[in-house]
Amino acid sequence: MRILLLSHSFNSLTQRLHGELGRRGHVVSVELDIADSVTEEAVTLFRPDVLVAPFLKRRIPESVWRALPCLVVHPGIPGDRGPSALDRAVLRGEAEWGVTVLQADGEFDAGPVRAWRGFPMREAAKGSLYRHEVTCGAVEAVLEAIGLVGGPPAALAALRGQPWPLLRQAERAIDWARHGSAEVLRRIRSGDGNPGLADALFGQACHLFDAHPVTPAALAAAPPGAPGEVVARRANALLRRTVDGGVWIGHARRAPTAGPPDDEPPLKLPATDAFTEQAAALPELPVPLRRDAGEWDELHYEELGPPGARVGVLAFEFYNGAMSTRQCRRLRDALGEARRRDTQVLLLTGGADFFSNGIHLNTIEAAAQREGDSAADESMRNIEAIDDVALEIISMTDRVTIAAMRGNAGAGGVFLALAADEVWAHEGVVLNAHYRNMGNLYGSEYWTYLLPRRIGPERAQALMHERLPLGARAAAELGLIDVTFGSGGAGFLRETLARAQALAGQNLISRLAQKQQRRAADEATKPLAEYRREELAQMHRNFYGFDPSYHVARYHFVHKLAHAWTPRHLAVHRKQ
Ligand code: COA
């Protein structure tokens with residue numbers, strides 16, 4: 001079939017469908033939803049058999065849905081309608097939810113249901129549910145619906161949903177004098193990643209994101225305070241008291257000031273960066289890297305298995321997979337600590353939603369607004385810091401290292417994973433193993449060493465040039481990663497731990513000797529320092545040179561500016 005993906009942006013679900021449909025032999029093209037006339041033009045040029053809309057904010061033009069079947073993904077159960085479907089499901093504390101594929105007609109989200117999937121809800125942010133349960137169910141439902149195109153609508157047992165208007169901030173507002181921690185968490189999570197929950201910190205209006213529970217131990221160590229008061233910090237997060245405990249707030253976006261209209265709009269930032277001065281005055285509540293998993297921090301390390309067959313597991317739960325200079329330095333130190341432990345295998349599990357998305361473009365953008373600093377300087381500091389993380393992994397030759405992708409990875413985050421000996425991923429993972437979408441960024445993280453040694457120089461060149469997302473299976477077929485198994489979530493982690501423990505129980509002496517020989521031989525041929533020097537020379541040009549493309553692309557990305565056209569590598573119908 002010829003399938004046109006019409007989407008507000010080329011988001012993770014659209015990327016996943018792009019890969020899944022392409023892998024099944026369909027001819028797939030993408031048009032971003034910019035204007036009705038552009039969509040009509042795309043249909044004329046591409047002549048699709050069916051249009052699939054994974055993520056839309058506007059209606060499909062009547063001329064299009066009357067001309068061909070248009071399948072719309074709605075992140076809600078059948079009968080549910082409206083733009084805040086998942087927000088409301090989280091806010092109401094639904095135990096089960098679903099995703100529906102409808103055939104578009106005159107009314108928004110109201111056409112005949114073609115397929116749907118249900119799932120149990122997790123206590124997680126809306127964005128996390130979207131990236132896992134909704135995406136997984138949507139892929140299955142879209143594939144089923146495409147098979148049914150032209151036939152009768154799916155038979156439905158019961159329609160439980162109903163139409164709902166846009167969720168207003170007043171409906172999810174926190175009453176700090178009344179709401180307990182669980183309620184506060186649910187409210188913040190209902191709007192995370194977007195639009196966030198409108199509230200205030202230190203008396204200043206802002207939106208809250210990235211909330212986590214606080215343990216009684218942390219509360220006991222923190223200074224006293226009234227409900228709503230911020231009393232301590234940990235890494236980039238703030239501890240805010242509630243009536244029955246407290247919550248960690250990892251990210252915040254300040255409200256625009258009443259300054260001149262050309263002031264830059266505020267960015268979503270690590271909470272201690274959004275409120276630097278106020279956070280600096282708070283006591284830090286540090287925790288050891290190796291501790292009970294219920295005690296929240298971005299970094300966590302644990303060990304499994306008996307001495308001599310031991311696995312170290314290092315998780316780095318960086319919000320949105322973005323890794324700032326400070327986060328990279330913490331991760332490098334954590335790797336150093338893990339290295340001093342007597343383990344045979346080190347498993348790097350990244351974050352549950354993203355393995356990593358490379359350097360932190362928001363904290364870089366924020367540096368441009370800081371006196372005496374610049375985005376170019378912060379970009380350089382950040383890339384050096386992430387390179388240090390990659391170097392620490394590459395040079396860990398006394399044990400087997402494995403990157404286990406629980407979530408998607410993009411740009412430098414993919415190459416960070418390739419620094420490990422093996423890369424494992426579940427089948428729903430999408431990899432963007434290229435940098436050029438960010439204003440022709442050259443990239444670092446030792447990719448010029450790591451990528452060709454896995455897939456050869458020609459395929460490395462093509463991958464970087466094509467700039468397309470790869471599903472995990474396609475990545476494994478290419479040799480970019482080693483193996484895929486499971487479909488994500490807790491099941492993938494369980495199997496990963498079991499596989500790592502089985503590996504640690506093997507005799508690894510000759511494998512490690514080979515690893516050390518190969519590293520020594522590679523170093524003799526061309527030292528890692530030379531790869532880094534060459535990559536950073538190119539990056540220096542991207543950051544400080546005449547061509548501002550990287551700075552422009554980053555600005556567009558962090559401020560989420562609307563697309564003006566669909567990139568040609570996605571809109572294949574516009575290539576001719
Ligand atoms: N720095 C800061 N924020 C980042 C980020 C980064 N490197 N990568 C992703 N994010 C944020 C997005 O802004 C978005 O924020 P939100 O919560 O405010 O909506 C969130 O992570 C999810 O990203 P989104 O683009 O919606 O996810 P996706 O799964 O649809 O797309 C990518 C994934 C990787 C293709 C896309 O996020 C991307 O291109 N990221 C930039 C990668 C990059 O160029 N890194 C720098 C070079 S190493």
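The values are calculated or read from the model by the stated rules, or taken from the named source; none is laboratory data. A quick note: this is a predicted structure, and the numbers were derived from the prediction, not measured. In this analysis, Cβ positions are derived from the backbone assuming ideal geometry, glycine residues included, and neighbour counts consider all displayed protein chains. Just so you know, the surface numbers come from the protein's heavy atoms only, side chains and all, with ligands and any DNA or RNA stripped out. Shrake-Rupley method; radii C 1.70, N 1.55, O 1.52, S 1.80 Å.
Can you tell me how many residues within the range 542-576 are charged (D, E, K, R), assigned to a helix (DSSP H, G or I) and within 15 Å of the ligand (Cβ to nearest atom)? Explain how you work it out, then say what you get.
Here is the first cut: in the range 542-576, the residues charged (D, E, K, R) are 547, 554, 560, 568, 574-575.
Of the ones still in play, those that are also assigned to a helix (DSSP H, G or I) are 554, 574.
In the following step, the residues that additionally are within 15 Å of the ligand (Cβ to nearest atom) were identified as 554.
Count: 1.
Please work out which one of (1) within 16 Å of the ligand (Cβ to nearest atom); (2) in a strand (DSSP E or B) is the condition D192 fails and give its number.
Condition not satisfied by D192: (2).
From the residues in the range 19-44 that are small (G, A, S) and touching a residue at least 24 places away in the same chain (Cβ under 8 Å), which one is nearest to A138 (Cα to Cα)?
Checking each candidate, the answer is G19.
If we scan the range 492-509, do we find a residue that is within 16 Å of the ligand (Cβ to nearest atom) and surrounded by 12 or more Cβ atoms within 10 Å (Cβ to Cβ)?
Checked against the condition, which is being within 16 Å of the ligand (Cβ to nearest atom) and surrounded by 12 or more Cβ atoms within 10 Å (Cβ to Cβ), the range 492-509 yields no hits at all.
Conditions first: (1) within 30 Å of H434 (Cα to Cα); (2) assigned to a loop (DSSP other than H, G, I, E, B). N507 passes all but one, so which condition is the exception?
Condition (1) is where N507 drops out.
Which one is farthest from M539 (Cα to Cα) among residues in the range 409-423 that are open to solvent by less than 10 Å² (accessible area, probe 1.4 Å) and either of a type in the set (K, R) or more than 14 Å from the chain's Cα centre (by Cα) (or both)?
Here the residue is V423.
Of these, E445, E458, E427, E466, which one is surrounded by fewer than 19 Cβ atoms within 10 Å (Cβ to Cβ), at pLDDT 95 or above and farther than 25 Å from F485 by Cβ?
Answer to the selection: E458.
Looking only at the range 399-408, count how many residues are open to solvent by less than 10 Å² (accessible area, probe 1.4 Å) and within 13 Å of the ligand (Cβ to nearest atom).
Of the residues in that region, 2 qualify.
Would you tally the residues in the range 87-115 being under 19 Å from R16 (Cα atoms) and either of a type in the set (D, E) or touching a residue at least 40 places away in the same chain (Cβ under 8 Å) (or both)?
Residues in the range 87-115 being under 19 Å from R16 (Cα atoms) and either of a type in the set (D, E) or touching a residue at least 40 places away in the same chain (Cβ under 8 Å) (or both): 3 in total.
Sort through R47, R2, R16 and tell me the only one that's within 16 Å of the ligand (Cβ to nearest atom), in contact (Cβ under 8 Å) with a residue 24 or more places away in the chain, open to solvent by 20 Å² or more (accessible area, probe 1.4 Å) and of a type in the set (K, R). First the steps, then the outcome.
Working: R47 fails: within 16 Å of the ligand (Cβ to nearest atom); R2 fails: within 16 Å of the ligand (Cβ to nearest atom).
Exactly one residue qualifies, and that residue is R16.
Can you find, within the range 510-522, the residue that is farthest from the ligand (Cβ to nearest atom) among those that are of a type outside the set (K, R) and open to solvent by 70 Å² or more (accessible area, probe 1.4 Å)?
S510
Any idea which of (1) over 19 Å from I3 (Cβ atoms); (2) part of a strand (DSSP E or B) is the one G106 doesn't satisfy?
Single failed check for G106: (2).
What do you reckon, is E371 modelled with pLDDT under 95 and either within 16 Å of the ligand (Cβ to nearest atom) or part of a loop (DSSP other than H, G, I, E, B) (or both)?
On the way: modelled with pLDDT under 95: yes; either within 16 Å of the ligand (Cβ to nearest atom) or part of a loop (DSSP other than H, G, I, E, B) (or both): yes.
So E371 fits the description; yes.
Looking at the structure I just gave you, is A271 more than 23 Å from G203 (Cα to Cα), of a type outside the set (S, T, N, Q) and within 16 Å of the ligand (Cβ to nearest atom)? Break it down into steps so the answer makes sense when it comes.
On the way: more than 23 Å from G203 (Cα to Cα): no; of a type outside the set (S, T, N, Q): yes; within 16 Å of the ligand (Cβ to nearest atom): yes.
No, not satisfied.
Taking the range 316-334, which residues are farther than 21 Å from D192 by Cβ, in contact with an Asp or Glu (Cβ under 8 Å, 6 or more places away or on another chain) and not polar (S, T, N, Q)?
C328, R329, R330, R332
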